[in-house]
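Let me begin by presenting the structure, written as structure tokens, before commenting on it.
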Amino acid sequence: MKILLRIFILLSTLLYITKSLANCDFNNVYRNLKCTESENKKILIQLKNKNNNKTSDFKKWSSDVQKKCEWSTSYALGEGVGLIKEKCYQREYLSRLEYLNTGKNDAKEFNYYNLEITALPYNSNDHLQCLESGNKDSCQKVNLIKSSKLIKYYSFISPSFGDGVVLKETEKGSEIIILPFLANENEGVQLVIYTIDKFGVVKEKYISAQKNVSIDKNYNITYYFKGNKVQEKL
């Protein structure tokens, strides 16, 4: 009986999450915003009914969510600012609701555009191996995102680039996106590393993908140039 009850709760939660995400799929930004705000109020009621505010980690969770979602509007414009923020809150609320119902945390992380994040450390060999093989078993360390999808949110990206990865924001709120491209056959595959600060200023760095490019958890990038090891801070 307990097992059936747990299954029922899990299915109800998944159905509620799917419905909440699908309810506000409009082309109009304003309608999307108002709909998402309304859905978020409903989810907050669900969280309250689950005694979310009485959990031991509530203050930390609430602070982390606010910090994450307020930063998400750092360089958006117009009505899109509110929508991006509300979508961010919605993902965090739904993730919390799932955790309270199932006791499990979703290991996957997403940025405020709902793009799956690749965890650090990053290595260009993992990136290239995943691209070349097309096998999921070879992509356990990277989460590839098609350039055509990235362009929807980052207009400076070229459609000729290959599938890229999005890294977790730095403590200063900078985003990092890495994409491969082929400049010419002689040079082989190159990487472009975009860094977008919280004001929307974009910086780019080009490095050969053959130079074993790695980025550690402190955002130090390491590669080899003319046989010498180079380490820089992103």
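The values are calculated or read from the model by the stated rules, or taken from the named source; none is laboratory data. These numbers were taken from a predicted model, which means no experiment stands behind them. All Cβ positions, glycine included, derive from the backbone under ideal geometry; neighbour counts span all protein chains shown.
The residues of the stretch 215-234 that are in contact (Cβ under 8 Å) with a residue 60 or more places away in the chain, among the charged types (D, E, K, R) and closer than 16 Å to Thr195 by Cβ amount to a single one, Asp216. Across the stretch 14-56, the number of residues qualifying as farther than 20 Å from Cys88 by Cβ, surrounded by 11 or more Cβ atoms within 10 Å (Cβ to Cβ) and either under 21 Å from the mean Cα position of the chain (by Cα) or modelled with pLDDT under 90 (or both) comes to 1.
Among the residues in the stretch 204-226, are any part of a loop (DSSP other than H, G, I, E, B), among the hydrophobic types (A, V, I, L, M, F, W, C), out of contact with any Cys (no Cβ under 7 Å at 6 or more places or on another chain) and closer than 14 Å to Tyr122 by Cβ? Walk me through it before giving the result.
So in the stretch 204-226, the residues part of a loop (DSSP other than H, G, I, E, B) come out as 212-213, 216-219, 226.
Those left that are additionally among the hydrophobic types (A, V, I, L, M, F, W, C): 213.
With the extra rule that they be out of contact with any Cys (no Cβ under 7 Å at 6 or more places or on another chain), the set shrinks to 213.
So of that shortlist, the ones also closer than 14 Å to Tyr122 by Cβ come out as 213.
The answer is yes, given that some residue of the stretch 204-226 is part of a loop (DSSP other than H, G, I, E, B), among the hydrophobic types (A, V, I, L, M, F, W, C), out of contact with any Cys (no Cβ under 7 Å at 6 or more places or on another chain) and closer than 14 Å to Tyr122 by Cβ.
Residues satisfying the criterion are absent from the stretch 145-163 (criterion: buried (at least 16 other Cβ atoms within 10 Å of the Cβ), basic (Lys, Arg) and without any contact (Cβ under 8 Å) to a residue 40 or more places away in the chain). Could we say that Val166 is of a type in the set (A, V, I, L, M) and either part of a loop (DSSP other than H, G, I, E, B) or over 21 Å from Ala119 (Cα atoms) (or both) here? So Val166 does not fit the description; no. The sole residue among Tyr194, Tyr224, Tyr219 that is of a type in the set (Phe, Trp, Tyr), surrounded by fewer than 18 Cβ atoms within 10 Å (Cβ to Cβ) and assigned by TED's automatic domain parsing to the domain that holds Thr170 is Tyr224.
Any residue at all in the stretch 163-173 that is at pLDDT below 90, under 18 Å from His127 (Cα atoms) and charged (D, E, K, R)? Yes: one or more hits.
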